[in-house]
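See structure below.
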Amino acid sequence: MGGVARFFVFNVLPFGISTAGYIFTKFLRQVVKHVRGQGHKLVMFLDDGIGGHGTAGGANVASQCVKRCLRDYGFLIADEKCQWEPSQDVTWLGYTWAMIEGVLRVSTDRVDRLVSLLKHTMSLVCSRGQLLFSARYIASIVGLVISMHSVIGSTVRLRTRELSASLLTRASWNAGVFLSAEALNEIEFWLSNVQTLNDKGSTLRESNKCSKVICTDASEVGYGGFVIPCVDPLMEGDETLSAEDTSYMHEALALAEDDGFIPNVERLYEHGDCVVIGTWDSDERVRSSTWKELEAAKRVLFTTIDRVKGHNVRLFMDNKGACTIARVGSGKTHLQKVAMDMHRLTSSNSVNLVTQWLPRNSNKTADFLSRCSDSDDWSVQAWVFGVCEKKWGPHEVDRFASDYNKKCTRFNSRW
């Protein structure tokens, strides 16, 4: 200034700089440590904190302790923004913590804001035929949906793939992006379902129990899988299996495994809920392994849906990529389509599906089933069937067929 180098020091923390949040969090950390050191439970996110206790009296003591500590440290407290009285229904960080129900929900304000944006978008599409919206506007919709992940789960990623894809075409954040029919379908989905999904909420105490286990696998020639009853809950956590999980799987899969290398499929038929075996057609055999794994899981689910309807189901696959795509979708259209088919199938049949990776050497039963192709799977050519249909039809059942070469809607296969 005036040719002289001068240095300035902030008298207050400037929240306009990127490191301000980090500094403020480290500063408040000392207060949190002090309160926790007194035996109270406290969580802080910047200047928003929440504490609790198993009883109303204990919560009140903790509340007064926090209030006293903050004042002793010299903080100015905005009492109009604070809730010092114990409650079992609290809104914190945009979520409603319903302690009596044990359920977490998105706050009403955030849901209403999303619904308002969705309604406005669809009104412009329906009344004006508008399909071009600013990238910033569409990003705000996607951001609001994604922010509800803690309550709604991985569906927020699965059902915003097309909207996110439209953002990739932007020239700038203020430029327009075109909404495809699939992107509009996602907007309609959230408009119809966000309130219902939020009302259901997410349980604060996660239940790990599953009532059915499905194992699937795909090979070069076909796919296979089976459903067995779940005799013990699996632990939540990473996609890999812990030692405890592995011991359970050995117990559950003992229904299908023999002492030798080849699984005892007859025993699986006797004790399991269902066994599924299928063969890829000539076009499907050349597709990617990830698509085959996903498609195998979808077809096994489709075949066994009556047995798993209304159940908590854990689906095991030995392809990590397929496990992830089944949960959150994919940027690749052909993989996203299979993931969406699985989601629609499970949603419409009240199936709570959790996918988990299983090491290949622990999935040898499904692997064996996927290789049980029928080398004598002959079929009648379409024009030959047309001649027979005209002369002796109509035919109602195709005997000795398969799902890809059947000539009638109803058919029976080797399996």
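The values are calculated or read from the model by the stated rules, or taken from the named source; none is laboratory data. For clarity, every value in this text was computed on a predicted model and none was experimentally measured. No Cβ is skipped: glycine too gets one built from the backbone with ideal geometry, and neighbour counts run over all protein chains shown. The protein model used for the area step is the full one, side chains on, heavy atoms only, and it has no ligands, DNA or RNA in it. Shrake-Rupley method; radii C 1.70, N 1.55, O 1.52, S 1.80 Å.
Looking only at residues in segment 276-292 that are among the hydrophobic types (A, V, I, L, M, F, W, C) and outside any loop (DSSP other than H, G, I, E, B), the one that is surrounded by the fewest Cβ atoms within 10 Å (Cβ to Cβ) is Val286. Please work out if Ile77 is surrounded by fewer than 13 Cβ atoms within 10 Å (Cβ to Cβ) and either over 21 Å from Phe45 (Cβ atoms) or touching a residue at least 60 places away in the same chain (Cβ under 8 Å) (or both). In short, no.
Residues in segment 1-53 that are assigned to a loop (DSSP other than H, G, I, E, B) and in contact with a helix residue (DSSP H, G or I) (Cβ under 8 Å, 6 or more places away or on another chain): Leu13, Pro14, Phe15, Gln38, His40, Leu46, Asp47, His53. Scanning segment 116-174 for residues that are farther than 24 Å from Lys332 by Cα and among the β-branched types (Val, Ile, Thr) turns up Thr121, Val125, Val151.
In segment 392-406, the residues that are under 17 Å from Arg299 (Cα atoms) reach residues that are open to solvent by 80 Å² or more (accessible area, probe 1.4 Å) and of a type in the set (D, E, K, R) with C-beta atoms within less than 9 angstrom, at least six apart or across chains, in these pairs: Ser402/Arg414. Which residues, counting only those in segment 382-411, are at pLDDT 80 or above and touching an Asp or Glu at 6+ places or on another chain (Cβ under 8 Å)? Result: His395, Asn405, Lys406, Lys407, Cys408, Arg410, Phe411. Note on segment 90-106: among residues that are in contact (Cβ under 8 Å) with a residue 60 or more places away in the chain and either in a strand (DSSP E or B) or on the phi < 0 side of the Ramachandran plot (or both), the one that is most open to solvent (accessible area, probe 1.4 Å) is Glu101. Do the conditions hold for Ser379, that is, is it over 18 Å from Lys320 (Cα atoms), at pLDDT below 85 and assigned to a loop (DSSP other than H, G, I, E, B)? So Ser379 passes the test. Within this structure, Ala183 fails the test of being of a type in the set (Gly, Ala, Ser), open to solvent by 40 Å² or more (accessible area, probe 1.4 Å) and on the phi < 0 side of the Ramachandran plot. Hey, can you tell me all the residues within segment 359-376 that are part of a loop (DSSP other than H, G, I, E, B) and either under 32 Å from the mean Cα position of the chain (by Cα) or within 19 Å of Val275 (Cβ to Cβ) (or both)? Matches in segment 359-376: Pro359, Asn363, Arg371, Cys372, Ser373, Asp374. Take the conditions open to solvent by 50 Å² or more (accessible area, probe 1.4 Å), in contact with an Asp or Glu (Cβ under 8 Å, 6 or more places away or on another chain) and within 26 Å of Cys230 (Cβ to Cβ) and apply them to Lys320. Does it pass? Taking the combined requirement at face value, the residue satisfies it. Of the helices (runs of 4 or more DSSP H) lying entirely inside segment 122-232, those carrying at least 1 residues that are aromatic (Phe, Trp, Tyr) are 135-146, 181-200.
A single entry from Ser413, Ser402, Ser373 fulfils the requirement of being closer than 21 Å to Trp280 by Cα and in contact with a Gly (Cβ under 6 Å, 6 or more places away or on another chain): Ser373. Could you go through segment 206-215 and let me know if any residue there is charged (D, E, K, R) and either at pLDDT 90 or above or under 30 Å from Arg371 (Cα atoms) (or both). Scanning segment 206-215, I find at least one residue that is charged (D, E, K, R) and either at pLDDT 90 or above or under 30 Å from Arg371 (Cα atoms) (or both), so the answer is yes. For segment 55-69, the count of residues that are of a type outside the set (A, V, I, L, M, F, W, C), touching a His at 6+ places or on another chain (Cβ under 7 Å) and either open to solvent by 40 Å² or more (accessible area, probe 1.4 Å) or in a strand (DSSP E or B) (or both) is zero. Applying the condition of being open to solvent by 10 Å² or more (accessible area, probe 1.4 Å) and under 16 Å from the mean Cα position of the chain (by Cα) to segment 293-313 and asking which residue is nearest to Ser219 (Cα to Cα) yields Lys298.
This table checks each residue for (1) in contact with a strand residue (DSSP E or B) (Cβ under 8 Å, 6 or more places away or on another chain); (2) among the β-branched types (Val, Ile, Thr).
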| site | (1), (2) |
| --- | --- |
| Gly16 | no, no |
| His34 | no, no |
| Gln38 | no, no |
| Asp48 | yes, no |
| Val66 | yes, yes |
| Val90 | yes, yes |
| Trp97 | yes, no |
| Glu101 | no, no |
